[in-house]
Structures are given as structure tokens and as C-alpha cells.
Amino acid sequence: MANSALVDMSDVALTYGEGEEAISAVENLNLTIEKGDFVAVVGPSGCGKSSLMKLLTGLLLPTSGEIYVGGQKVTKPVDGVGMAFQNSTLMPWRTTLSNIMLPFEIVEPHKRRLRSYRSEYVAAVERLLSSVGLGNFGQKFPWQLSGGMQQRANLCRALIHEPQLLMLDEPFGALDAFTREELWSVMQNLWLEKRFTAMLVTHDLREAAYLSNTVHVMSRRPGHIIHTKDIDIPRPRTLKTTFEPHFIDIVQSLREQISNEHGL
Amino acid sequence: MTRYRRIQFVTPWAVTLALFLFWEFACWLFNVPSFVLPQPSLIFKTLIQYREQIWHHSMQTLFTTIIGFVLAVLGGLFIGLCVGASRMVYIGLYPLLIGFNSIPKVALVPIIVIWFGIGTIPAIITAFSVAFFPIAVNVATGLATIEPEMRDVLRSLGANQWEILTKVGIPRSTPYLFASLKIAITLAFIGSVISETVASNQGIGYMMLSASSRFEVPLVFAGLIVVGAMGIAMYAVCVIFEKRMTRWAFRGSELLT
């Protein structure tokens, strides 16, 4: 074990394919995430952000280098990670409530206890649902909800079992600007309340600056971190914050970093 | 809406009736002899005249078809889940399945007769062998087209293969299963009637064959119409089940046939 950080990646490389067709997705990737931290990784599409997510969760194993999560070397899918993707991946045959119950049916020790303590678990889901403003929608099917509501439910499912690590892969990417900004605030409130460790992958610089404590900028493929910026804006941040000069400066400097690297 | 529904209900009856009228008219106009193409009025008269005999044979056909169909659902589901869930089973078994499905089932009947004798059992087995394939293919397709993100969500929670299959795979493939049941039930009728035609002493297939050997062509056509009607009825039963079990897949849309 390298140090006390929850996540520690050192010199990680990932190559897809073999021989001449091999594509190097990430290389020389070094990243640490402290417990309870909220970090964002930004960069345009195709820079290996999604590969980074899959490496951290153990869904893909690195070609070289080492990844530790919670002090353990990652050799298989990491237990108890919460994931939320751009498209909500809620199951259309389950009600919203039943969708959010899903982690309890799989993750230990909840799986063992679920049968005996079902009502407690249902109550926990309903509490979380109402904290994101979906109090009365538990019995609705996901496809009866709007896109923004589906994404809220999706966040609930990723969080309900209190994972040691929450991975957010452009979770608000498919939403309109108003709904997106609304969900930033929902997300921040959840984090302020529960202080889980989260990694947000996004191409929206304002989103990254609003939500995270630290922003990492990724290089072109093969991806690695070229720049790290701490966001020293006090919380809770509001939509107003995003119009203050300091916030704009931060976004501007991130933008320049990306322009220099990617020539955009 | 009610007006729309009424039209929806009446239209298929009207079209069928129009077809029969046209047929009747054409027979009359061209003076077609009834042993070549009997007019519908004669067919319906024959239907009523031989109703007891037809009833007996059609119940036999319905019985073998339903048993064969139920076996096909169980077998098709099992094979489909194996093929869809495991890449190795897919690679190993799929060519064999396609090969088997390419064999004309009428060629199998004599073999089944050697094994089990004539009558009910060959009809059931033939119905099964025609009907299981679309079920297996559709279930396998349902499993194979699970969104990778959904799989990732489950894997990152620590789900094993069995949990991924039961929590996502099976529910996800039910619309595919029910779509295939509608095809399979009509195929099952084809299977059992073929078998009855070749090797049986009861069932609609047998009745039609013996009627045609006696040149009772109206009775042959009466048999065809009964098989068609039973096919439509069983199809409708499948649609009702489909509506009940996979409402989520249609998101409340009215278009379901």
C-alpha cells in the first residue's frame, strides 16, 4: 500500500487491442483521491476519461501500472462502487423505488439482511428519494419520469448503499442546461450531507468547477493528467457563484489548459 | 378513442368478409367446379354438416399443438438462455441449431414414427421442433443486446454472472420472448398438421388428407379454415399474455398486434 489515499493510481497504462492495431488509451496516469474528496476529470471526448473510470472500478484491468482502492490492489471489479452514467440505465421493468433497491439486492451485508429488514430499506430509499425531490415518485416507472427526474433517481441508485467510491460519467450530459444546473445543486447537497468520495468525469468545465474540490485536466490520447487545479471556492456554491469573477477566472484558466493541449 | 376502437374491432372482420364475398363471386363468375375451388358458402355448409367430425379432429390438433408449443417454450427458453449467456455455448451450439432448423420437419416425421409409432406423439414432437427455434433465437438476442452500461452498473456492485442474468438478462429478454411466442404458436400448428398429414389417424391434417383422397374438396377447405381460425385464436391469447407481462416495453402505447 502506497499511502493513505482512498484511490492511488501510479504509472497506469491501458492498451486496447494487440500488435499494430493496438490503441493506447491512457499512459503514465498518476492520480490520487483522498477519502471524502470530490474530484473532477475534464477533457474533450476521446481522451480516455471513460477508460479511467473503468480502470478505477476494476471493470478493466491496466496493461501496466498499479491501482489501489481502499488499500487493496485492484484485480477484479471493486466491490461497492456506485456508478451513474449519462443515459440513466434504470431498468424499465422496475418501479423507481425498486430500481433504487437494486444495490441492496446485490451488495453485502444488505443482501443477507434485505429479507428480514425490508421495510427499513424501503424507508431509507424513500428518504433519499424525497431528499432529491422525488418523494412521491417511487411507485412510478422510470419511463414515466422526465429526463431530469430519471437522472435524480439514477444518482439515488448509485448512492443508496453508501459506496466507498462514487463514479459519475457525464451524468448530466444528456440534460438541458436548466435541468443540469438544478442537478448540480442537488448533487452538491447530497455530497455536503454524506461526504462520500466521488469522481466526476465531464467535458463541462463549469460543472467541474461548481461541483469538485479539485479538477484534473487530461491530455490527448494516450491520456494522462497534465494539470491539476484546486477549486478554492467556499461551499455551498450556488448558481450565483458561477457568475462571480473568481469562478469565471478558474473556468477560463482550465479552458486555456485544454486549448494549449488539444489545440482547440 | 371509442370510435377508433370500434373501427379497430370491425375492420379485420370486414376485410375477411370482403375476401369471402370476392371469392364467392369469382367462383360464380368463372364457374369454377367445387372440386377445384369450392365457394365459401359451400365450405361453411360443409363445416356445419361435418361439425362433429371436424370438432373431434380439431381438438386433437389443438391438443398436440399446445403441448408441443409449451415444450417449445420451455426448451427454447432454456437453449436461448444458455446461448445468450455463454459465449462458448453460442459458438458451439449455434451452427448445430441453424442446421437443425434448416431440415424440413416433414422429413423428420417418418423417423419419429419409427421411434414412437403414429398419432399424438409425432405431432407433438414435430410441433415442438418447428416452434422452439424462434424462441431460442429471440431470447438469445434479448440477452445479447443488454446495454453494456447496465452490465457495468451491476458488475461494479459486485454482481456475479447469475445475478446479472436474473436481474437484467431475463427481464430484459421477456419482450423478445413474447414476440417470439406469437411466431412460435403459428409454427406449432404447421408442425402438428404436417405430422398428422404424414402419420396419424386423427387430427385436422389427417382429416384433410383423407377427405382429399375421396375428392371431398370442400371438407379439405373446411379443415384449412379451422386451422387458420385456431391459429388466430391462439395468437390472440399470446398477445393478451404479452400485454400483461411486458407492459413496460410498450410504454403504454396502443399499437400492439
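The values are calculated or read from the model by the stated rules, or taken from the named source; none is laboratory data. Just so you know, these numbers come straight off a predicted model, no measurement behind them. Here Cβ is always computed from backbone atoms with ideal geometry, including for glycine, and neighbour counts include all displayed protein chains.
For residue B:77, the test of being farther than 30 Å from residue A:160 by Cα and assigned to a helix (DSSP H, G or I) is passed.
For the range A:115-126, a residue qualifies if it is of a type in the set (Lys, Arg) and surrounded by fewer than 11 Cβ atoms within 10 Å (Cβ to Cβ), and exactly one does: A:115. All conditions in (1) modelled with pLDDT of 90 or more; (2) more than 19 Å from the chain's Cα centre (by Cα) hold for residue B:177, with the sole exception of (2).
Within the range B:167-189, residues that are within 14 Å of chain A (Cβ to nearest Cβ) and more than 12 Å from residue B:76 (Cβ to Cβ) sit with their Cβ atoms under 9 Å from residues that are among the small types (Gly, Ala, Ser) and outside any helix (DSSP H, G or I), at 6+ positions apart or across chains, in these pairs: B:167/B:159; B:168/B:159. A residue that is surrounded by fewer than 18 Cβ atoms within 10 Å (Cβ to Cβ) and at positive phi occurs somewhere in the range A:194-212. Looking at B:112, B:79, B:135, which is the one that is in contact with a helix residue (DSSP H, G or I) (Cβ under 6 Å, 6 or more places away or on another chain), in the same structural domain as residue B:193 (by TED's automatic domain parsing) and crowded, with 22+ Cβ neighbours inside 10 Å? Checking each option against the conditions leaves just B:135.
Checked across the range B:42-51, the condition of being exposed (fewer than 13 other Cβ atoms within 10 Å of the Cβ), over 22 Å from the mean Cα position of the chain (by Cα) and either in the same structural domain as residue B:204 (by TED's automatic domain parsing) or free of Cβ contacts under 8 Å to residues at least 40 places away in the same chain (or both) holds for at least one residue. Close contacts from the range B:83-99, counting a first residue that is touching a residue at least 12 places away in the same chain (Cβ under 8 Å) and surrounded by 15 or more Cβ atoms within 10 Å (Cβ to Cβ) and a second that is assigned to a helix (DSSP H, G or I) and among the hydroxyl-bearing types (Ser, Thr, Tyr), with Cβ to Cβ under 6 Å and a gap of 6+ residues or different chains, come to B:83/B:90. Selection of the range A:70-92 for residues being touching a residue at least 60 places away in the same chain (Cβ under 8 Å) and within 29 Å of residue A:145 (Cβ to Cβ) yields A:80, A:81, A:82, A:83, A:84, A:85, A:86, A:87, A:88, A:89, A:90.
Of everything in the range A:63-85 that is at negative phi, surrounded by fewer than 22 Cβ atoms within 10 Å (Cβ to Cβ) and facing chain B (nearest Cβ under 7 Å), the residue that is modelled with the lowest pLDDT is A:79. Across the range A:103-123, the qualifying residues are those that are within 12 Å of chain B (Cβ to nearest Cβ) and hydrophobic (A, V, I, L, M, F, W, C), and the one among them that is farthest from residue A:12 (Cα to Cα) is A:104. Of the strands (runs of 3 or more DSSP E) that lie entirely inside the range A:187-257, those containing 1 or more residues that are under 20 Å from residue A:170 (Cα atoms) and touching a Gly at 6+ places or on another chain (Cβ under 6 Å) span A:214-218.
This table checks each residue for (1) within 15 Å of residue B:56 (Cβ to Cβ); (2) at pLDDT 90 or above; (3) surrounded by fewer than 22 Cβ atoms within 10 Å (Cβ to Cβ).
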| site | (1), (2), (3) |
| --- | --- |
| B:196 | yes, yes, no |
| B:203 | yes, yes, no |
| B:226 | yes, yes, yes |
| B:230 | yes, yes, yes |
| B:246 | no, no, yes |
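Restricting the range B:140-153 to residues that are at the interface with chain A (Cβ under 7 Å from one of its Cβ atoms) and under 36 Å from the mean Cα position of the chain (by Cα), which is nearest to residue B:73 (Cα to Cα)? Among them, the one singled out is B:147. In the range A:144-154, is there at least one residue being touching a strand residue (DSSP E or B) at 6+ places or on another chain (Cβ under 6 Å) and assigned to a helix (DSSP H, G or I)? Yes, the range A:144-154 has at least one match.
Note on the range A:92-102: residues that are part of a loop (DSSP other than H, G, I, E, B) and more than 7 Å from chain B (Cβ to nearest Cβ) total 2. Note on the range B:186-216: residues that are over 15 Å from residue B:120 (Cα atoms) and either over 20 Å from the mean Cα position of the chain (by Cα) or outside the structural domain of residue B:116 (by TED's automatic domain parsing) (or both) total 8.
So that you can scan it fast, the table gives a plain yes or no per residue for (1) under 24 Å from residue A:259 (Cβ atoms); (2) among the aliphatic types (A, V, I, L, M); (3) assigned to a helix (DSSP H, G or I):
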residue: A:15; (1), (2), (3): no, no, no
residue: A:20; (1), (2), (3): no, no, yes
residue: A:24; (1), (2), (3): yes, no, no
residue: A:66; (1), (2), (3): no, no, no
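Residue check: residue A:45 meets all listed conditions (1) touching a His at 6+ places or on another chain (Cβ under 8 Å); (2) in a strand (DSSP E or B); (3) hydroxyl-bearing (Ser, Thr, Tyr) but one, namely (2). Within the span defined as the range A:26-48, every residue fails to be within 30 Å of residue A:188 (Cβ to Cβ), within 12 Å of chain B (Cβ to nearest Cβ) and in contact with a helix residue (DSSP H, G or I) (Cβ under 8 Å, 6 or more places away or on another chain).
Against the conditions (1) surrounded by fewer than 20 Cβ atoms within 10 Å (Cβ to Cβ); (2) at pLDDT below 85; (3) within 14 Å of chain B (Cβ to nearest Cβ), residue A:88 satisfies every one except (1).
Quick grid of which residues meet (1) in the same structural domain as residue B:203 (by TED's automatic domain parsing); (2) over 30 Å from residue A:82 (Cβ atoms); (3) not aliphatic (A, V, I, L, M):
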| position | (1), (2), (3) |
| --- | --- |
| B:75 | yes, yes, yes |
| B:118 | yes, yes, no |
| B:140 | yes, yes, no |
| B:172 | yes, no, yes |
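Checking the structure you have, find out if any residue of the range A:144-160 is in contact with a Leu (Cβ under 9 Å, 6 or more places away or on another chain), more than 12 Å from chain B (Cβ to nearest Cβ) and free of Cβ contacts under 8 Å to residues at least 24 places away in the same chain. Looking for residues that are in contact with a Leu (Cβ under 9 Å, 6 or more places away or on another chain), more than 12 Å from chain B (Cβ to nearest Cβ) and free of Cβ contacts under 8 Å to residues at least 24 places away in the same chain, one finds at least one in the range A:144-160, hence yes.
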